[in-house]
Amino acid sequence: MQEHDGSRGRSLIGESVLRLEDRPLLVGEGRFLADVSFEDELHLRVVRSDVAHGVLHGVDLSEVQGAEGVVAAWSADEVAHVPAIDFRMTGFDELRPYCQRILASERVRYVGDPVAVVIAEDPYLAEDAAELAFVDVEPLDPVLQATSPEAIAPLTLEHESGDIEATFAGAHRVVELAASVGRHSGIPLETRGLLARPVAGGAVELYGIAKVPHYNCATIARMLGLEAEQVVGREGHVGGGFGIRGELYPEDVLVTYAALRLQRPVKWVEDRREHLVAANHSREQDYRVRAAVDERGVVQAIDAEFFHDQGGYVRTHGATVPNLSVALLPGPYLVPAYRVSGRIRLTNKTPAGTYRSPGRFETTFVRERLMDRVATELDLDPVEVRRRNLIPAEAMPFDRGISTLGTPLVYDSGDYHRLLERLLAHIGYETLRASLARRRLTGQMGGLGIRKFVEKTGVADQLGATQLAATGEVAEVTFNTEHMTYPYGA
C-alpha cells in the first residue's frame, strides 16, 4: 500500500459538511439495543448486593426457580469455571488479584456487586423473580475513603526527576495545596445492554457491543473457551459512551454464557438505578501537593502524592487513570524537578475506570489550583504566574523524562505563550479585571479564572493505515496489532 504523499486536496475547514447519520434518528428509525429482538428471546436480570461490604454466605434461589416464566437462575457456583475479567490496558501483576469475576462469591465489595442472574420469558417476570432471591450477607464495615488505612493498597506508581530535596531546601517559598476531585460517572441517554444470539456451529452473535467490539468479542470467546471467530459483534446506534460504555463488564459475559448454555437469544438492558451503581465510576482522587517557588513565582519543583479510589475491583482499564495522572500533573509548565506518588487504593464503592479525559481532568484541576495558590501567596497576577512557568516554544520538542501507557511523554510542538496572549486579547483580560474590580466595590461577587490544559495523543504501540477510494469505499486497511495496548479510554 502506498503512503499518502502529504499533498492537500480541497479543504473542508470552515465549511458546512452535510451530516449523513442524522435522518434515521430524527424520524424515529434509530436501532438501539432495546430495539433489537428475536423470536424465542429470553431476558436476564442481575441480582445485586445491597450491602457495600460483607461476607457472602450464599444466595438462595429456590423461590426464584419456581416463579412464573423463569427458565434458569444461577449463582457463582454455576460460573466458577469462568475466569475473572482481565485488563484491556495498563495492567500490573500487583492488580491482577483484584480483577472482578462475573458473579461474586465469598465476599461482596460494593452496592451493586452481581451475585446471581435470573433468566425468564419476559423482562418483567425476570425482574419480579429476581426480588425473590435471598442473598445471605454478613455485613462488614465498609471502607469509604482511599486515604483510610483500611483501604487495600495493591500498587503505588512513582516518578522522580531533578534534584527535589535541594530545590525545596533552597526555595524562596514552599506553597502547599490539598485538593480532592469528586467521584463522577458517565450517564448516557441509553443505558448499557447486550443481546446474545446463538447461531450455527456453536457460535454467538452479540448486539450492543460497543467501543472496542473486536477486543471484547475476542475476550469473551477466550473466557468461555471459544475460538475468536465464534463470537461476532453486531453494532447499531449507540446512545452515548463517555468512556464507560463498551468496556467489558460482568453482564456482557453473563448474557453470552446464558445464551450459549440455553441455546436461545438472551437480552439484558439495565435500568437507570443499575447503571448508577454498576457501570464504571471515575475521577475520585485526593491530592497533597507542594511547590518550591522562587520570588518571581516560577515553580522550580513539584512534590505530589495522590490517592486514587479504585472502588471494589480493578476493571479493564487497570491503572490507566493513575498512570496518566502521574505523568500529566505538570501539564504545560516547565517544572525542572518533579516527584509524584500515585497510590491506588481499593474501597467499597463501584469500581472505577475512565471517563472523558481521564487523568487530564483531575490533574488540570489540581495543577491550576496550585498555580492560583502560588499567585495568592506571592501577591501576583494568576496570569503572570502561568506566563512565567509555561514551557517556551524554543524548548519544543520537550521531553518530560517520564512515560505513560508505555510511551515517553514528549510535548512535540506548541507555542503556549502565544496561545495565552491570543486568549487574553480575545477576552479583553485587562478590561475584564477592571470591570470586576468596580463591581466588587458595589458589593457584587465575581471572579475570573484562567486554566491551561494539555491533551495527549499518539500514545502506545498501535499502528494503523487506511486507504480510501474517492467514493469513500475502504480499499485497504492494515493494522499492526502485535503490541496493541488500546491506549485511549475516553
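Some notes on this structure:
- Some residue of the stretch 404-415 being within 29 Å of Thr320 (Cβ to Cβ), in contact with a Lys or Arg (Cβ under 6 Å, 6 or more places away or on another chain) and either assigned to a strand (DSSP E or B) or outside the structural domain of Val174 (by TED's automatic domain parsing) (or both): yes
- Any hit, the stretch 328-336, residues being touching a helix residue (DSSP H, G or I) at 6+ places or on another chain (Cβ under 7 Å) and in the same structural domain as Gly112 (by TED's automatic domain parsing): no
- Any pair with Cβ under 7 angstrom, 6 or more apart, that starts in the stretch 1-30 at a residue that is farther than 30 Å from Leu189 by Cβ and assigned to a loop (DSSP other than H, G, I, E, B) and ends at one that is modelled with pLDDT under 80 and of a type outside the set (A, V, I, L, M): Met1/Gln467; Met1/Glu476; Met1/Thr478
- Filter result (over 18 Å from Arg433 (Cα atoms), more than 33 Å from the chain's Cα centre (by Cα) and assigned to a helix (DSSP H, G or I)) within the stretch 368-385: Glu377
- Any hit, the stretch 151-167, residues being among the small types (Gly, Ala, Ser) and within 28 Å of Ile85 (Cβ to Cβ): yes
- With respect to the stated conditions, Arg422 fails to be closer than 20 Å to Leu370 by Cβ, modelled with pLDDT of 95 or more and either out of contact with any strand residue (DSSP E or B) (no Cβ under 8 Å at 6 or more places or on another chain) or loosely packed, with under 13 Cβ neighbours inside 10 Å (or both).
- Which numbered condition Gly202 fails, given (1) touching a Leu at 6+ places or on another chain (Cβ under 9 Å); (2) surrounded by 13 or more Cβ atoms within 10 Å (Cβ to Cβ); (3) at positive phi: (2)
- Only residues that are surrounded by fewer than 19 Cβ atoms within 10 Å (Cβ to Cβ) and under 30 Å from the mean Cα position of the chain (by Cα) were counted in the stretch 61-81, giving 2.
- Scanning the stretch 351-406 for residues that are among the basic types (Lys, Arg), surrounded by fewer than 21 Cβ atoms within 10 Å (Cβ to Cβ) and either free of Cβ contacts under 8 Å to residues at least 24 places away in the same chain or in contact with a Gly (Cβ under 8 Å, 6 or more places away or on another chain) (or both) yields a total of 2.
- Hey, Gln310 in the same structural domain as Ser161 (by TED's automatic domain parsing), touching a helix residue (DSSP H, G or I) at 6+ places or on another chain (Cβ under 9 Å) and farther than 15 Å from Phe365 by Cβ or not: yes
- Consider the stretch 282-309 and keep the residues that are touching a Pro at 6+ places or on another chain (Cβ under 7 Å) and over 27 Å from Val383 (Cβ atoms). The one that is surrounded by the most Cβ atoms within 10 Å (Cβ to Cβ) is Ser282.
- The single residue among Asp93, Asp35, Asp86 that is over 27 Å from Arg245 (Cβ atoms), surrounded by fewer than 18 Cβ atoms within 10 Å (Cβ to Cβ) and of a type in the set (Asp, Glu) turns out to be Asp93.
- Residue match in the stretch 257-279 (condition: under 30 Å from Ala304 (Cβ atoms), at pLDDT 95 or above and either under 14 Å from the mean Cα position of the chain (by Cα) or in the same structural domain as Ala84 (by TED's automatic domain parsing) (or both)): yes
- Residue match in the stretch 40-58 (condition: farther than 25 Å from Glu235 by Cα and modelled with pLDDT under 95): no
- Looking only at residues in the stretch 171-196 that are touching a residue at least 60 places away in the same chain (Cβ under 8 Å) and out of contact with any strand residue (DSSP E or B) (no Cβ under 7 Å at 6 or more places or on another chain), the one that is surrounded by the fewest Cβ atoms within 10 Å (Cβ to Cβ) is Gly182.
- Residues that are closer than 30 Å to Glu63 by Cα and modelled with pLDDT of 95 or more are absent from the stretch 206-221.
The values are calculated or read from the model by the stated rules, or taken from the named source; none is laboratory data. Computed from a prediction, not measured in an experiment: that's the story for all the values here. Counting neighbours? That spans all protein chains shown, and the Cβs are built from the backbone with ideal geometry, glycine included.
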